[in-house]
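Working notes, beginning with the structure itself.
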Amino acid sequence: MPSKITLNKAAREHFKKTDPILYKALEKVGKVEMDKPRSPKVYFEHLVRSIVFQQLSGKAANTIYSRFMALLPKGKVTPETILKLSDEEIRGAGISGQKMGYIRDLSQKVKDKEVDLNNLQNLSDEEVISELTKVKGIGRWTAEMFLMFTLTRPDIFSHGDLGLRNAIKMLYKLENPTQEQVELICAKWSPHRTYACRILWESLDNR
């Protein structure tokens, strides 16, 4: 298991100073942690997993992903091992035809070096998003989750995340906030927006 980074004092003090509502949510949530940045060796697997998990509950997605892993020699998730699988094998694991196409497109583009995963840690946030969204089925939300959870970039917010939107509606008592309203709120959290997102997600579980 990767080691954790705990919300640092600077971030905590920043939220206390700039946003009393978020700080109150943090006090209720308690400790907030993130994984440390992952090795480039796992980038490809994380992206495959994110495609499988799109629009599925955690339990169903875990079952399908476990079946998919069982198809691969020694569970090695690489472009080469995936491209050797037949369509029937992939669908038999419970993966839809559309997601199979996304996984094949990712595998082919990485194999052909059209998408360079090994250099992602050296790119800016927007450059990472631009690189990853070359792949069919990887949109901005998936790329932002990759920035948060795999690269653990400290200042990411995802306007496309329903959980974050629901937490903001709840905490800030906004019925249907516009993106501009949300942007005004989350701009106050910079340069610690990723930690703020963790607080928001946790706040939904601590209602």
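Could you please find all residues in segment 141-162 being surrounded by 14 or more Cβ atoms within 10 Å (Cβ to Cβ) and either more than 12 Å from the chain's Cα centre (by Cα) or of a type in the set (D, E, K, R) (or both)?
Residues satisfying the conditions are Glu144, Arg153, Pro154, Asp155, Asp161.
Being within 20 Å of Phe149 (Cα to Cα) and among the acidic types (Asp, Glu) is the filter here; which residues of segment 103-122 pass it?
Correct list: Asp116 only.
Could you please find all residues in segment 73-95 being crowded, with 17+ Cβ neighbours inside 10 Å and not β-branched (Val, Ile, Thr)?
Pro79, Leu85, Ala93, Gly94
Select, from Val77, Val48, Val52, the only residue that is among the β-branched types (Val, Ile, Thr), in the same structural domain as Leu132 (by TED's automatic domain parsing) and not in a helix (DSSP H, G or I).
Residue meeting the stated conditions: Val77.
Quick check on segment 55-70: of everything there that is of a type in the set (S, T, N, Q) and assigned to a helix (DSSP H, G or I), which residue is farthest from Glu88 (Cα to Cα)? Outline the logic, then answer.
Step one: of segment 55-70, the residues of a type in the set (S, T, N, Q) are 55, 57, 62-63, 66.
Within this subset, residues satisfying the condition of being assigned to a helix (DSSP H, G or I) are 62-63, 66.
Working: Asn62: 20, Thr63: 18, Ser66: 17 Å.
Top of the filtered list is Asn62.
Going by the structure shown, is Tyr195 within 22 Å of Ala11 (Cβ to Cβ), assigned by TED's automatic domain parsing to the domain that holds Glu13, in contact with a strand residue (DSSP E or B) (Cβ under 9 Å, 6 or more places away or on another chain) and surrounded by 12 or more Cβ atoms within 10 Å (Cβ to Cβ)? Spell out the reasoning first.
Values: within 22 Å of Ala11 (Cβ to Cβ): yes; assigned by TED's automatic domain parsing to the domain that holds Glu13: yes; in contact with a strand residue (DSSP E or B) (Cβ under 9 Å, 6 or more places away or on another chain): yes; surrounded by 12 or more Cβ atoms within 10 Å (Cβ to Cβ): yes.
Judged against the criteria, Tyr195 is a match.
Could you pull out the residue among Lys59, Lys31 that is assigned by TED's automatic domain parsing to the domain that holds Asp161, at pLDDT below 90 and surrounded by fewer than 18 Cβ atoms within 10 Å (Cβ to Cβ)?
Lys31
Being out of contact with any Ser or Thr (no Cβ under 8 Å at 6 or more places or on another chain) and surrounded by 17 or more Cβ atoms within 10 Å (Cβ to Cβ) is the filter here, so list the residues in segment 125-135 that pass it.
Scanning segment 125-135 gives Val128, Ile129, Glu131, Val135.
Restricting segment 183-207 to residues that are assigned to a loop (DSSP other than H, G, I, E, B) and either among the charged types (D, E, K, R) or in contact with a Gly (Cβ under 7 Å, 6 or more places away or on another chain) (or both), which is farthest from Lys16 (Cα to Cα)?
Of segment 183-207, the ones assigned to a loop (DSSP other than H, G, I, E, B) are 188-192, 206-207.
If we keep only those that are either among the charged types (D, E, K, R) or in contact with a Gly (Cβ under 7 Å, 6 or more places away or on another chain) (or both) too, we end up with 188, 207.
Details: Lys188: 11, Arg207: 20 Å.
Result: Arg207.
Quick one: Ser50 ticks every box in (1) within 17 Å of Lys109 (Cβ to Cβ); (2) among the small types (Gly, Ala, Ser); (3) modelled with pLDDT of 95 or more bar one, so which box is it?
(3)
Does segment 160-167 contain any residue that is assigned to a loop (DSSP other than H, G, I, E, B) and at pLDDT below 95?
yes
What are the residues in segment 30-45 that are in a helix (DSSP H, G or I) and touching a residue at least 24 places away in the same chain (Cβ under 8 Å), if any? Before the answer, list the steps.
First, pick out the residues of segment 30-45 that are in a helix (DSSP H, G or I): 40-45.
If the condition is that a residue be in a helix (DSSP H, G or I) and touching a residue at least 24 places away in the same chain (Cβ under 8 Å), then Pro40, Val42, Tyr43, Phe44, Glu45 are the ones that fit.
Take the residues in segment 100-127 that are part of a helix (DSSP H, G or I) and free of Cβ contacts under 8 Å to residues at least 24 places away in the same chain, then tell me which one is farthest from Phe44 (Cα to Cα).
If we take residues in segment 100-127 being part of a helix (DSSP H, G or I) and free of Cβ contacts under 8 Å to residues at least 24 places away in the same chain, then Glu126 is farthest from Phe44 (Cα to Cα).
The values are calculated or read from the model by the stated rules, or taken from the named source; none is laboratory data. Quick caveat: nothing in here was measured; it's all calculated off a predicted structure. Note: ideal-geometry Cβ built from the backbone for every residue, glycine included; neighbour counts use all protein chains shown.
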